[in-house]
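What follows is a single structure, written as structure tokens, with notes after it.
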Amino acid sequence: MSNLAEQRSGLALGGLTPEDIAKRITEKFPSGVTIASTGPHAVNSKVDKDSLLKVCEFIKSDLDFEHVSSVSGVDWLVENKMQTVYHITSYANRVTLEIVVDLPRDKPEVDSITYLWGGANWHEREAYDMFGIIFKGHPRLERILNPEGTEVFPFRKDFITGRRV
């Protein structure tokens with residue numbers, strides 16, 4: 001089958017479908033990872049914070065995930081938790097993996113993935129600057145948008161607007 005025919009049939013160029021990727025991840029990590037759904041060119045998952053680094057190392061080395069599109073923070077004030085949400089893409093397989101990691105709101109810390117994908121650097125710094133999420137092992141975790149010395153995290157839902165910082 002030609003490359004164009006494979007693309008039209010929905011097969012990934014690298015040969016792994018979203019379902020294949022989901023299966024390989026859950027086989028490698030039977031605990032600590034939950035696949036929420038798969039779709040055309042997408043896998044949505046939830047990963048325990050203690051498993052994140054190992055999962056990321058695996059998807060980079062074994063499943064050809066080579067690009068971090070985003071690392072975002074989410075504040076769930078009522079649920080008393082925060083999340084980091086990662087979108088990591090395998091261009092070879094034409095699949096984007098979403099990884100959601102729950103963090104305790106009183107101590108939002110997770111391992112940095114910057115040493116695996118340098119592009120995560122500024123995304124992690126922004127999540128730190130806006131939400132106060134600590135990325136352990138980050139090479140330069142400091143404010144990126146707010147001035148140094150700012151003592152608040154403006155995207156947290158308990159941030160009081162109009163207050164001088």
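Values quoted throughout were computed directly from the atomic coordinates according to the rules given, and no laboratory measurement underlies them. Just so you know, these numbers come straight off a predicted model, no measurement behind them. Cβ coordinates were reconstructed from backbone atoms using ideal geometry, including for glycine residues, and neighbour counts include every protein chain displayed.
Considering the range 96-117 alone, what residues qualify as being in contact with a Cys (Cβ under 9 Å, 6 or more places away or on another chain) and within 15 Å of Val43 (Cβ to Cβ)? Show your work before the answer.
First, the residues of the range 96-117 that are in contact with a Cys (Cβ under 9 Å, 6 or more places away or on another chain): 99, 111, 113, 116-117.
Across the range 96-117, the qualifying residue is only Ile99.
Residue by residue through the range 124-149, note down the ones that are more than 11 Å from Val110 (Cα to Cα), in contact with a helix residue (DSSP H, G or I) (Cβ under 8 Å, 6 or more places away or on another chain) and of a type outside the set (Asp, Glu).
Within the range 124-149, Pro139, Arg140, Leu141, Arg143, Ile144, Leu145, Asn146 meet the criteria.
Tally the residues that are more than 11 Å from Asp75 (Cα to Cα), touching an Asp or Glu at 6+ places or on another chain (Cβ under 9 Å) and aromatic (Phe, Trp, Tyr), restricting the search to the range 122-152.
2
Out of all the residues in the range 56-82, which are under 11 Å from the mean Cα position of the chain (by Cα) and either surrounded by 20 or more Cβ atoms within 10 Å (Cβ to Cβ) or on the phi > 0 side of the Ramachandran plot (or both)?
Cys56, Val68, Val71, Gly73
Taking Lys107, is it basic (Lys, Arg) and within 20 Å of Pro154 (Cα to Cα)?
Details: basic (Lys, Arg): yes; within 20 Å of Pro154 (Cα to Cα): yes.
Here the answer is yes, as Lys107 does meet what is asked.
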